[in-house]
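Student: Structure provided below as structure tokens; questions to follow.
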Amino acid sequence: MKITEFKVLTFDVVGTLIDFEAGVLNATRSLGGEKARSLSDDEIFAPYLRGREIFYGRSSYAMRDVYLYMAKELGLDSSELAADSFQLAMIRHPAFQDSADALRRLRKRFRLVAMTNADRTAFSAYSDTLGNPFHDSVTCDETGCAKPDPNFFAFNKGRQSAFGYKQSEILHVAQSQYHDIGIAKKLGYATCWIERRQGLKGFGGTPVPEKVEIPDFHFATLAQLADAVDAELGAASMRQDNHA
């Protein structure tokens, strides 16, 4: 199986292209007061995950309540200003340093489709941060559900089929084993795991999966995926030249 055999790359956005872990940590430590600055990553992520599970609504407004939940549990600044500022910070997450350039390179070869649990408002901000690289996008607003719900994938499968693309022509690219890789493999998709936390312990700001699935392709960064595509194209070009 070669990456260049696919026509469509579908992407998880938050965690794969957008560094939401850095965004959550930086916002919590800058807004939570003196105590927040001494907290470890795991001490922040644990209540964040619990809060997000309780307040699972649209990311463009639910993160305010997630912060207030965290603040109460951790004893942080629980003012309205801190909560509102945390919400705003959540749609200003930074991109991973390699994301925008790698997407630009991949766009030359593939149809790029965002598949994100973010709502349309938040996704619009993330897409702008990435340089608006996508040909198409599917958010929780359209699907009425969130990954790992298989209905999310079914919605996108139908959407892409309307443009003439088959499931066998789609490679799903994601960081989260819990939200993406596991369910995508179960549904018969080829998968590419961008293991952003490679070398780090635990799963950070992402829920722990039942098991870690073995993907069809595995890279630590998106740049490595783009490099692998370029290498395949270069090898194919050399074979053509040798047969000319």
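Student: What number of residues within segment 86-105 are assigned to a helix (DSSP H, G or I) and open to solvent by less than 40 Å² (accessible area, probe 1.4 Å)? Can you show your working first?
Tutor: Narrowing segment 86-105 to residues assigned to a helix (DSSP H, G or I): 86-90, 99-105.
Among the residues that remain, those that are also open to solvent by less than 40 Å² (accessible area, probe 1.4 Å) are: 86-87, 89-90, 99, 102-103.
Of the residues in that region, 7 qualify.
Student: Among the listed residues LEU68, LEU76, LEU81, which satisfies the condition of being among the hydrophobic types (A, V, I, L, M, F, W, C), farther than 17 Å from SER124 by Cα, assigned to a loop (DSSP other than H, G, I, E, B) and out of contact with any Cys (no Cβ under 9 Å at 6 or more places or on another chain)?
Tutor: LEU76
Student: The conditions are (1) surrounded by fewer than 19 Cβ atoms within 10 Å (Cβ to Cβ); (2) more than 23 Å from GLN160 (Cα to Cα); (3) free of Cβ contacts under 8 Å to residues at least 24 places away in the same chain, and LYS108 fails exactly one of them. Which is it?
Tutor: Failed condition: (2).
Student: Condition first: farther than 30 Å from LEU171 by Cβ and in contact with a helix residue (DSSP H, G or I) (Cβ under 9 Å, 6 or more places away or on another chain). Can you find one or more residues in segment 102-112 that meet it? Step through it out loud before you land on a result.
Tutor: Of the residues in segment 102-112, the ones farther than 30 Å from LEU171 by Cβ are none.
No, because not a single residue in segment 102-112 is farther than 30 Å from LEU171 by Cβ and in contact with a helix residue (DSSP H, G or I) (Cβ under 9 Å, 6 or more places away or on another chain).
Student: Evaluate the following for ARG29: is it of a type in the set (Lys, Arg), buried (at least 16 other Cβ atoms within 10 Å of the Cβ), assigned to a helix (DSSP H, G or I) and within 24 Å of the chain's Cα centre (by Cα)?
Tutor: For ARG29, the condition - of a type in the set (Lys, Arg), buried (at least 16 other Cβ atoms within 10 Å of the Cβ), assigned to a helix (DSSP H, G or I) and within 24 Å of the chain's Cα centre (by Cα) - is met.
Student: Could you list, in sequence order, all residues of segment 121-132 that are free of Cβ contacts under 8 Å to residues at least 60 places away in the same chain, of a type outside the set (S, T, N, Q) and farther than 24 Å from ALA231 by Cβ?
Tutor: ALA125, ASP128, listed by residue number.
Student: Hey, another quick one. Would you check if there is a residue in segment 194-208 being basic (Lys, Arg), open to solvent by 70 Å² or more (accessible area, probe 1.4 Å) and either out of contact with any helix residue (DSSP H, G or I) (no Cβ under 8 Å at 6 or more places or on another chain) or under 24 Å from ALA22 (Cβ atoms) (or both)?
Tutor: Yes, because at least one residue in segment 194-208 is basic (Lys, Arg), open to solvent by 70 Å² or more (accessible area, probe 1.4 Å) and either out of contact with any helix residue (DSSP H, G or I) (no Cβ under 8 Å at 6 or more places or on another chain) or under 24 Å from ALA22 (Cβ atoms) (or both).
Student: Just name the residue that is farthest from GLN224 (Cα to Cα) out of those in segment 106-120 that are charged (D, E, K, R) and not in a loop (DSSP other than H, G, I, E, B).
Tutor: This residue is ARG120.
Student: When you scan segment 146-168, do you find a residue that is over 25 Å from GLY57 (Cα atoms), of a type in the set (A, V, I, L, M), open to solvent by 10 Å² or more (accessible area, probe 1.4 Å) and touching a residue at least 24 places away in the same chain (Cβ under 8 Å), even just one? I'd like the intermediate steps shown before the answer.
Tutor: Filtering segment 146-168 for residues over 25 Å from GLY57 (Cα atoms) gives 160-168.
Adding the requirement that they be of a type in the set (A, V, I, L, M) leaves 162.
Adding the requirement that they be open to solvent by 10 Å² or more (accessible area, probe 1.4 Å) leaves 162.
Subsequent filtering for residues that are touching a residue at least 24 places away in the same chain (Cβ under 8 Å) retains none.
Among the residues of segment 146-168, not one is over 25 Å from GLY57 (Cα atoms), of a type in the set (A, V, I, L, M), open to solvent by 10 Å² or more (accessible area, probe 1.4 Å) and touching a residue at least 24 places away in the same chain (Cβ under 8 Å), which makes the answer no.
Student: Mind checking whether some residue in segment 134-155 is outside any loop (DSSP other than H, G, I, E, B), farther than 30 Å from SER40 by Cα, acidic (Asp, Glu) and within 17 Å of the chain's Cα centre (by Cα)?
Tutor: yes
Student: Determine, yes or no, whether PHE11 is in contact (Cβ under 8 Å) with a residue 12 or more places away in the chain and under 17 Å from THR206 (Cβ atoms). Walk me through it before giving the result.
Tutor: Numbers: in contact (Cβ under 8 Å) with a residue 12 or more places away in the chain: yes; under 17 Å from THR206 (Cβ atoms): yes.
Yes: the conditions hold for PHE11.
The values are calculated or read from the model by the stated rules, or taken from the named source; none is laboratory data. From a predicted model like this one, the values you see are computed outputs, not experimental measurements. Note that each Cβ is placed from the backbone with ideal geometry, even for glycine, and that neighbours are counted across all protein chains shown. Quick note on the areas: whole protein, heavy atoms, side chains included, nothing else; ligands and nucleic acids left out. Shrake-Rupley method; radii C 1.70, N 1.55, O 1.52, S 1.80 Å.
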